[in-house]
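Working notes, structure below.
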Amino acid sequence: MTTGLEITSLSVGPMDNNAYLLRDRATGEAVLIDAANEAPRLLQFIEPGGIRAVVTTHRHPDHWIALEEVLAATGAESLAHPADAPEIPAVTAHLHEGDTLQVGASALSVIHLVGHTPGSIALYYAQEGGHLFSGDSLFPGGPGKTTNPADFNSLMDDLEAKVFGPLPDSTTIHPGHGKDSTLGAERPSIPQWRARGW
């Protein structure tokens, strides 16, 4: 029996948001990260196996426009961090720093990254070289957008302490928009990000 997660992605909407389907190969159970837009395409994307839950990485509407329609069609639960949950429709349970999100026989760790929004989260899957679903907190080329120096410093501190510090260079970054990268490719640029302030 093959094990681990099958990871597929779909770019939706006018802002090219990435939606990620994580399906456990052993059990077939799946979760969707960010029901961002274009509900009919997302529902086609997740069939025929369906999903157990939708994880919303943060409260910005371009990451949850299709959420209510996807929930209604699938019966999935809706998961988000409590700091952002009041601005996300239909959240049924909260994810906190250090929680484990179980997808069948596979497990992902919840990482709370404060700065892009107060309740932004990333999900880390440690197997197969490592996979980080970073929402809008980390992209190829730098951290996500922040609106003031305090938020930028908070996000950079969290990224260094919780992502670049403990996770291996082999980890693939799967961002909320755009192409994948790796922590190893981005790590040398951290001093430059700090110096420029964005």
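The values are calculated or read from the model by the stated rules, or taken from the named source; none is laboratory data. Just so you know, these numbers come straight off a predicted model, no measurement behind them. As a convention, Cβ positions derive from the backbone with ideal geometry for all residues, glycine included, and neighbour counts pool all protein chains shown.
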Exercise. Out of all the residues in region 87-105, is one or more within 12 Å of the chain's Cα centre (by Cα) and either of a type outside the set (A, V, I, L, M, F, W, C) or surrounded by fewer than 15 Cβ atoms within 10 Å (Cβ to Cβ) (or both)?
Worked result: no
Exercise. Taking region 165-198, which residues are of a type in the set (A, V, I, L, M) and out of contact with any Gly (no Cβ under 7 Å at 6 or more places or on another chain)?
Worked result: Ile173, Leu183, Ala185, Ile190, Ala195
Problem set entry | Candidates Leu79, Leu43 - the one that is outside any loop (DSSP other than H, G, I, E, B) and buried (at least 22 other Cβ atoms within 10 Å of the Cβ) | Leu79
Problem set entry | Lone unmet requirement of (1) surrounded by 19 or more Cβ atoms within 10 Å (Cβ to Cβ); (2) at positive phi; (3) touching a residue at least 40 places away in the same chain (Cβ under 8 Å) for Glu38 | (3)
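The rows are residues; the columns are (1) at pLDDT 95 or above; (2) of a type in the set (A, V, I, L, M, F, W, C); (3) in contact with a helix residue (DSSP H, G or I) (Cβ under 9 Å, 6 or more places away or on another chain).
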residue	(1), (2), (3)
Leu5	yes, yes, no
Asn18	yes, no, no
Leu22	yes, yes, no
Asp34	yes, no, yes
Leu43	yes, yes, yes
Ala53	yes, yes, no
Leu67	yes, yes, yes
Thr74	yes, no, yes
Problem set entry | Extreme residue, surrounded by the fewest Cβ atoms within 10 Å (Cβ to Cβ), among residues of region 114-138 that are without any contact (Cβ under 8 Å) to a residue 60 or more places away in the chain, closer than 19 Å to Gly184 by Cβ and of a type in the set (A, V, I, L, M) | Ala126
